[in-house]
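Notes for the one structure printed next.
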Amino acid sequence: MKRFTVITMVLVLVFLSILLFYEPYSMKEAANRYNALYAPRLLYWGTQGQDVKNVQWQLVKWKYLIGKVDGIYGPETYRAVRRFQAKNGLRVDGIVGPETAAALGITLSSTPVSAQGMSRQGDEYLLARAIHGEARGEPYVGKVAVGAVILNRVRNPKFPNTIAGVIYQPLAFTAVADGQINLTPDKDSIRAARDALNGWDPTYGCLYYWNPATATSKWIWSRKITLKIGKHWFGI
């Protein structure tokens, strides 16, 4: 009888341990997973769908956008969003996130994203477009390096915390300013984006790159150069 009581007490202690430690961890894990999987959407150049249509309807209604409502976030929608943001005291980045959406009077739907807090497929393609626009003709490692710089900025508190935010930050990338961001990326650019997202950083943490033959910013020359890949110089 005494032996039975000891065994019972041990089982009760084990059960209590599970309740005290395992269940809270599982609840926290589930909450983190939910937050990661259903983060608010960001709408930016190249996004398509009903949310884009809702944005366009509001912009047309308030005469920021002159054109058709087609659900495609193209250059006209991008410029109209920037005009709306400037007029309403919002951050002028051409991206419709929760704050801009609220000012427009719409609610963005939630979209499944990866456990890293970003839509892997969507961000991979957007990153590939940026790489293709910025580094066409560069060696493959140079393409990956450009993607790595963008991702390094996402992780740095001085820059926007999303790939879209970094890429479409005003005056950040020539490919956005001249429209090359909208070219269809080739297989190498897509593969380079994938490699960068998987953690390959040939720049070892650089936040900037530039072509010394075409750079017009005097400020960029104040950056410390750490390496050169192809025609690009990389620095911090």
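Worth a mention:
- Label-to-label distance for Arg191 and Val92 is 4.1 nm, based on points extended 7 Å past Cα in the beta-carbon direction.
- Taking amide H as placed 1.01 Å from N in the peptide plane, the amide H of Thr47 sits under 5 Å from that of Tyr73, each at least 5 places away or on another chain.
- Between the alpha-carbon centres of the stretch 66-103 and the stretch 184-231 there is a gap of 28 Å.
- Computed E for Thr216/Asn182 - FRET, C-beta separation, R0 30 angstrom, nearest 0.05: 0.85
- Grouping the Cα pair distances of the stretch 93-219 into 10 Å bins from zero gives a pair-distance distribution of 13, 43, 33, 9, 1 percent in increasing distance order.
- Residues in the stretch 223-236 carry Karplus couplings, in order, of 6, 7, 7, 10, 6, 10, 10, x, 8, 9, 9, 10, x, 10 Hz; the curve used is 6.51 cos²θ - 1.76 cosθ + 1.60 with θ = phi - 60°, and Gly or Pro positions show x.
- Dipole magnitude (debye, nearest 20) for the stretch 145-236, charges at Cβ of Lys, Arg, Asp, Glu: 300
- In this structure, the amide hydrogen of Tyr208, modeled 1.01 Å from its nitrogen in the peptide plane, lies closer than 5 angstrom to those of Gly235, counting only residues at least 5 positions away or on a different chain.
- One chain, two ends: Phe159 and Lys61. Fully extended at 0.36 nm per residue, the span grows by 32.0 nm beyond their Cα-Cα distance.
- Rel. contact order, % - alpha carbon contacts under 8 angstrom, at least six apart, the stretch 136-236: 33
Just so you know, all these numbers are worked out from the coordinates, no wet-lab data involved. Computed from a prediction, not measured in an experiment: that's the story for all the values here. Note: ideal-geometry Cβ built from the backbone for every residue, glycine included; neighbour counts use all protein chains shown.
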